[in-house]
Protein chains: 2
Amino acid sequence: MTRRPTDERLDPVPLTDVSIDDGFWNDRLETNREVTLEHQYDRLGERSLENFRRVRDGKTGGFQGMWFEDSDTYKWLEAASYVLATRDDPELRERVEEVIELVGAAQEEDGYLNTYFALEEPENRWTNLNMMHELYCAGHLIEAAVAHHRATGETSLLAVATDLADHIDGVFGTGPDDLDGVPGHEGIELALVKLYRVTDEERYLDLAQYFVDRRGREDTRLGWEAEHPDETGGDVPPDIFLEDGKWDGSYAQAHEPVREQETVDGHAVRAMYLYSGVADLVAETGEDDLYRTLETLWTNMTTKRMYVTGGIGSESAHEGFTVDYDLRNRTAYAETCAAIGSVFWNHRMFQLTGEARFYDVLERALYNGVLAGVSLDGTSFFYENPLESLGHHHRAGWFQCACCPPNVARLFASLGEYVYAQGPDDDVYVTLYVGGEADLSVDGADVTLTQETDYPWGDSTTVGIETETPVETALHLRVPEWCEDVAASVNGERVEADAGDGYVVIERAWTDGDSVTLDFALPVRRLAAHPDVPDDADRVAFQRGPLVYCVEEADLDGVAPSHLRVDPGSTVETREEADLLDGVVTIEGDARAVSTEGWEGALYREYDDLADDESVATLTAIPYYGWDNRGAGRMRVWLPTD
Amino acid sequence: MTRRPTDERLDPVPLTDVSIDDGFWNDRLETNREVTLEHQYDRLGERSLENFRRVRDGKTGGFQGMWFEDSDTYKWLEAASYVLATRDDPELRERVEEVIELVGAAQEEDGYLNTYFALEEPENRWTNLNMMHELYCAGHLIEAAVAHHRATGETSLLAVATDLADHIDGVFGTGPDDLDGVPGHEGIELALVKLYRVTDEERYLDLAQYFVDRRGREDTRLGWEAEHPDETGGDVPPDIFLEDGKWDGSYAQAHEPVREQETVDGHAVRAMYLYSGVADLVAETGEDDLYRTLETLWTNMTTKRMYVTGGIGSESAHEGFTVDYDLRNRTAYAETCAAIGSVFWNHRMFQLTGEARFYDVLERALYNGVLAGVSLDGTSFFYENPLESLGHHHRAGWFQCACCPPNVARLFASLGEYVYAQGPDDDVYVTLYVGGEADLSVDGADVTLTQETDYPWGDSTTVGIETETPVETALHLRVPEWCEDVAASVNGERVEADAGDGYVVIERAWTDGDSVTLDFALPVRRLAAHPDVPDDADRVAFQRGPLVYCVEEADLDGVAPSHLRVDPGSTVETREEADLLDGVVTIEGDARAVSTEGWEGALYREYDDLADDESVATLTAIPYYGWDNRGAGRMRVWLPTD
């Protein structure tokens, strides 16, 4: 399958038309709304909002936090706007309006808006594109503005965003008076396409195209800055990421033109935001070269550089990709934001193609690498998401660099937008199994889709149709890659379900009250990793449905996870544990536990001298997302095999 | 066993009295002398010597290299002095004298000597003890001066060193006009004890004691600097290593008083140099508290934080120790300098106790973690020594931070000092099996010990005695921990050899021409790591004699190391390969190679779907020290078991 023509691309059913009522997600989303957003607003008040106030009040100096602190406010605004898109919350609405007013008041006459430079170095705007993130912050402002406008119809923040985008459009370009440069941290590309879509102003699309086309060209500013650090402004030098003493641009995917890139490289969040923006461009322009680039990069990432949790970016020093098959577990970086970025990118790849494989990767990241990023109570967060711990990795309430918490918040608040999609012929896609309703227009008729599901724990999902007039359409029900056996029935009658292309497709005239029920087989899967992955050689990981499992010290009755040896062929059972971790299904079975006898005072011993008295241990595995909610203990996903 | 009284400590037979003529080491030492030292001198000329010239010539500014670049010159001087201790080399002697003259000419009137501060910030001496390394450089100068004096009897460099030490003694202390602080990078402590030993000036010993006693006290300067970075000089802020935003001192072992420390923490080279200096202090003062601290730290390191290669320091960001059992393989830092530091420390622990266990660790580090640090041709170096590679780790000719190459050079050039030792009653210890001769004084008689050995490849070592008059003494022949079965004979007659305490001890009246032959059994050992080490769970490593082995892609005929599965119980053979890697013994056997069939385009698959057709592969393992001499390929030490 390949990219669809631009006029046949799929569109998500917008957030305003989807309501979620789901056993798995309700608690999460309520916590996100009631606790996480509140918690984050309090943190904003301490640093980020204070910066905006200082600019508004005409003060200088005194900037607090990271130089891209503005983006935290924007991501909170975006998340809050998504909440407002789906529910009436006057208190939150008022708070959002106050923040918007504050942001607007900090905008300068010419449209420029960045509190770091306004307070600290007004003379140094746009002098350090590598690291000072003015364009990155602008992108988040634009995303927040589009979200707010779509949610409320208001233009208060949109006006701020368009003024800033117009200012940027006036500064950047290839003309003789233009600054020819690209952002060191991408994000504005996808934001500009969003802005184009709500304003119909082609210059925003052109500006996004400019930023993509110029990236990795030797005559743009990034490399020049790295060679002239004394002529750049800002707190952070433009050349902090050097390879063999030489800046090569790969940290920011600027080592070669985008169309020539074949491997996912550099800072993983930057990469995901870039590829998302490129996908948006392709959606509008239909450019095949760029699409082929995306396919190549996606294949590289998903077949050589992605954790089984959907996490990406192995290395902490540059928060990014390294080389093929470097999937270190305990020191995995796998930043929460990068997994979120993968959700963004794969969502767009699906929209370009309709292909289910992109949702498989999206779902893997969402239910594992992203979901682990926030505690069950919604107030503490992982920045890194390793697949193994010696008991020293623990979520924190906030970070000096606080990108991840509000990123989780905005993704969760917009979850509804990932559940359904429609093509140009009004055919309908159910892409995630999340209970609730969606209002669609099919063939000019108003249709409500209902979804009841016990996903990801149970095996049954029913999609119902409410319509005043019968409608003829193809209903595409996604069959996740992990499901090898799905049964479908329409109104209780079993129907043929060929899921060859990743969907059960049922095309018929639907009348009010019709329903389709899918029964997914939900076996416990035992996964192996590619033999070229050294860290997972002879290891097994458990997955059930979309959930990857791990063993955590708290469940092992004194045995450390590294003592376990699992026979991949042995029988395991699942158990519903309503009181554990807000309710999970555990995987239980037998394992061996190697003995620590004879090891006193020794770190290395003869294999032959090891004690034979290995004991039988109970293997209890929990969903990976739930670990470290009972204190920081030892944990591992990939278990040694017997 | 415990620490000996200070007047019973063992002394190494000094370098000037030992000559090496050994099948394994001759090439190494010749390469070190003829190639490595020459190569390093050329590098010094480019940066470090130029700094001394600028100071000598009264210039300002223009400092080149790292802020502790001076230490490279000092380490080269030390290494060259060790060479001069054992052979007449007029050309090298002249070069050494020229460099000494240059160093002396750069010393200031008051004894201060540091080219960074002299050229760049003369007003900021001693303001950034955390990171600017003035005391560290001074320590290396003192070590070079002592080495030069011992080798040549001259005092040209010793005079420079004592002037600087006297200056430091005048600056530091707890008096009202003193600066109360300790070095951010240790090393001067052990150097001051060396200086005390050649000068008999007690104030140097007292100054070493001061630096040890004041470390980790809240009222010394390190923590103050971290809280006042604006009041410190130098290129590097004093607070770069923060824990949770707060400087806690552990990076420099300054988080608590030395006597209270129980785990090896922070920067590994710093730690090794500190512990070496502490051991030297204990040797002079006999302080039991400090000795107990060393025992505790040694036990923590060797039972929980040391690679099987003797490498130490798992983490790259702070080049140091992390937590118990964190022995990540592919991303192991295991800096060459840290393994060298472990050799230094263990050498001193042996001198304090006479216990063989310290030489076991020393030997493990020397033959593996250190030896791997330099290429067979002597011109390229590892800084990090991982135990696994995906094919991207390769030695380099030099480093921006060039601490490791001259550190290897000085250790190799002083190897003779590690081979023999004597106690106060003139009893003799043979601690390493390295062919050659040593001139000793036993009971007032001149005795020459000869050693013929095919160590580490073969199983036989003969120690001969040449003496004009019969001498009565105990000859302690170290039995390495890996040796479970040793046979000893005197003049061809088998004798009882109880190696219970790590030595075969033969006490008798020795006459000229007597000899002792030891036959070590040299089986291939299969090692397991402690069950709490997650990275090595269900892995096996091969060791033969002191050499740890690895498999390298070059020997595997298209199979990647991560594809191999080894049965720890299967038979392996050894093979002498005279043409491989300058001559090695390889370990060969059968292994399974898992199939990559069916993995096209997949990164994770069902365990059950894996292809059954695993092939039999030939396992060929080479000594770890020899890897990456045939190009950078995939490598691993710990092999998955069957």
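The values are calculated or read from the model by the stated rules, or taken from the named source; none is laboratory data. Because the structure is a prediction, the values reported are computed rather than measured. Please note: Cβ atoms are built from the backbone with ideal geometry, for glycine as well, and neighbour counts cover all protein chains shown.
Per-residue answers, yes or no, for (1) crowded, with 16+ Cβ neighbours inside 10 Å; (2) in a helix (DSSP H, G or I):
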{"position": "B:255", "(1), (2)": "yes, no"}
{"position": "B:262", "(1), (2)": "no, no"}
{"position": "B:269", "(1), (2)": "yes, yes"}
{"position": "B:278", "(1), (2)": "yes, yes"}
{"position": "B:300", "(1), (2)": "yes, yes"}
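With the condition kept exactly as written, say whether any residue in the stretch A:557-564 is more than 10 Å from chain B (Cβ to nearest Cβ), of a type outside the set (Val, Ile, Thr) and out of contact with any helix residue (DSSP H, G or I) (no Cβ under 9 Å at 6 or more places or on another chain). There is at least one residue in the stretch A:557-564 that is more than 10 Å from chain B (Cβ to nearest Cβ), of a type outside the set (Val, Ile, Thr) and out of contact with any helix residue (DSSP H, G or I) (no Cβ under 9 Å at 6 or more places or on another chain).
For (1) among the charged types (D, E, K, R); (2) touching a Cys at 6+ places or on another chain (Cβ under 9 Å); (3) closer than 25 Å to residue B:253 by Cβ; (4) modelled with pLDDT of 95 or more, each residue gets a yes or a no:
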residue: B:80; (1), (2), (3), (4): no, no, no, yes
residue: B:84; (1), (2), (3), (4): no, no, no, yes
residue: B:91; (1), (2), (3), (4): yes, no, no, yes
residue: B:126; (1), (2), (3), (4): no, no, yes, yes
residue: B:148; (1), (2), (3), (4): no, no, no, yes
residue: B:152; (1), (2), (3), (4): no, no, no, yes
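Only one of these is within 7 Å of chain A (Cβ to nearest Cβ), buried (at least 24 other Cβ atoms within 10 Å of the Cβ), part of a strand (DSSP E or B) and of a type in the set (A, V, I, L, M, F, W, C): B:528, B:541. Name it.
B:528
How many residues are crowded, with 24+ Cβ neighbours inside 10 Å, within 14 Å of another protein chain (Cβ to nearest Cβ) and under 25 Å from residue B:137 (Cα atoms) when one looks only at the stretch B:370-401? Looking only at that region, the number is 0. Among the residues making up the stretch A:1-33, those that are among the charged types (D, E, K, R), surrounded by fewer than 20 Cβ atoms within 10 Å (Cβ to Cβ) and over 25 Å from residue A:457 (Cα atoms) are A:4, A:7, A:8, A:11, A:17. Taken over the stretch B:487-525, the criterion of being free of Cβ contacts under 8 Å to residues at least 40 places away in the same chain, among the small types (Gly, Ala, Ser) and not in a loop (DSSP other than H, G, I, E, B) is satisfied by B:487, B:488, B:489, B:509.
Just one of the listed residues (B:315, B:284, B:335, B:363) is modelled with pLDDT of 95 or more and out of contact with any Leu (no Cβ under 8 Å at 6 or more places or on another chain), and it is B:335.
Filtering the stretch A:139-183 to residues that are in contact with a His (Cβ under 9 Å, 6 or more places away or on another chain) and in contact (Cβ under 8 Å) with a residue 40 or more places away in the chain leaves A:139, A:156, A:157, A:158, A:183.
What's the total number of residues in the stretch B:590-601 that are at the interface with chain A (Cβ under 7 Å from one of its Cβ atoms) and not aromatic (Phe, Trp, Tyr)? So the count comes out to 3. In the set (1) part of a strand (DSSP E or B); (2) within 14 Å of chain A (Cβ to nearest Cβ); (3) surrounded by fewer than 15 Cβ atoms within 10 Å (Cβ to Cβ), residue B:484 fails one condition alone, (1). Residues that are touching a His at 6+ places or on another chain (Cβ under 8 Å) and either of a type in the set (Gly, Ala, Ser) or in a helix (DSSP H, G or I) (or both) within the stretch A:99-124 comprise A:100, A:111, listed in sequence order.
Among the residues of the stretch A:44-69, those that are in contact with a helix residue (DSSP H, G or I) (Cβ under 8 Å, 6 or more places away or on another chain), farther than 16 Å from residue A:96 by Cβ and assigned to a helix (DSSP H, G or I) comprise A:51, A:53, A:54, A:55, A:56. Remark: pairs (first residue in the stretch A:609-625, touching a residue at least 40 places away in the same chain (Cβ under 8 Å) and within 12 Å of chain B (Cβ to nearest Cβ); second residue of a type outside the set (A, V, I, L, M) and in a strand (DSSP E or B); Cβ separation under 6 Å; 6+ apart in sequence or on different chains) = A:614/A:592.
Taken over the stretch B:286-298, residues that are buried (at least 19 other Cβ atoms within 10 Å of the Cβ) and away from chain A (no Cβ under 14 Å) amount to 5. Checked against (1) under 20 Å from residue A:256 (Cβ atoms); (2) more than 23 Å from the chain's Cα centre (by Cα); (3) not in a helix (DSSP H, G or I), residue A:177 meets all criteria but (1). Among the residues of the stretch A:32-75, the one identified as more than 28 Å from the chain's Cα centre (by Cα) and aromatic (Phe, Trp, Tyr) is A:63.
Considering the conditions (1) within 12 Å of chain B (Cβ to nearest Cβ); (2) touching a strand residue (DSSP E or B) at 6+ places or on another chain (Cβ under 6 Å), residue A:584 is excluded by exactly one of them, (1). Filtering B:585, B:559 for residues that are at pLDDT 95 or above and surrounded by 15 or more Cβ atoms within 10 Å (Cβ to Cβ) leaves a single hit, B:585.
Going through the stretch A:39-67 one residue at a time, which ones are touching a Phe, Trp or Tyr at 6+ places or on another chain (Cβ under 7 Å) and modelled with pLDDT of 95 or more? Once the filter is applied, which keeps residues that are touching a Phe, Trp or Tyr at 6+ places or on another chain (Cβ under 7 Å) and modelled with pLDDT of 95 or more, the stretch A:39-67 yields A:51, A:63.
Evaluate the stretch A:169-182: report whether one residue or more is within 22 Å of residue A:103 (Cα to Cα) and in contact with a strand residue (DSSP E or B) (Cβ under 7 Å, 6 or more places away or on another chain).
Checked against the condition, which is being within 22 Å of residue A:103 (Cα to Cα) and in contact with a strand residue (DSSP E or B) (Cβ under 7 Å, 6 or more places away or on another chain), the stretch A:169-182 yields at least one hit.
Among the residues making up the stretch A:622-632, those that are closer than 21 Å to residue A:334 by Cα and either over 21 Å from the mean Cα position of the chain (by Cα) or not in a helix (DSSP H, G or I) (or both) are A:622, A:623, A:627, A:628, A:629, A:631, A:632. Take residue A:585 and decide whether it is in a loop (DSSP other than H, G, I, E, B) and among the β-branched types (Val, Ile, Thr). So residue A:585 does not fit the description; no.
For the residues A:317, A:283, the requirement of being within 14 Å of another protein chain (Cβ to nearest Cβ), of a type in the set (A, V, I, L, M, F, W, C), surrounded by fewer than 24 Cβ atoms within 10 Å (Cβ to Cβ) and over 23 Å from residue A:623 (Cβ atoms) singles out A:317.
Pairs linking a residue in the stretch B:463-486 that is in contact (Cβ under 8 Å) with a residue 24 or more places away in the chain and over 18 Å from residue B:453 (Cα atoms) to a residue that is buried (at least 22 other Cβ atoms within 10 Å of the Cβ) and among the aromatic types (Phe, Trp, Tyr), with Cβ atoms under 6 Å and 6 or more positions apart or on different chains, are B:471/B:510. For the stretch B:588-610, a residue qualifies if it is among the charged types (D, E, K, R) and in a loop (DSSP other than H, G, I, E, B), and the qualifying residues are B:597, B:600. The number of residues in the stretch A:182-203 being assigned to a helix (DSSP H, G or I) and either of a type in the set (A, V, I, L, M, F, W, C) or farther than 21 Å from residue A:341 by Cβ (or both) comes to 10.
For the stretch B:207-253, a tally of residues being assigned to a helix (DSSP H, G or I) and without any contact (Cβ under 8 Å) to a residue 12 or more places away in the chain returns 3.
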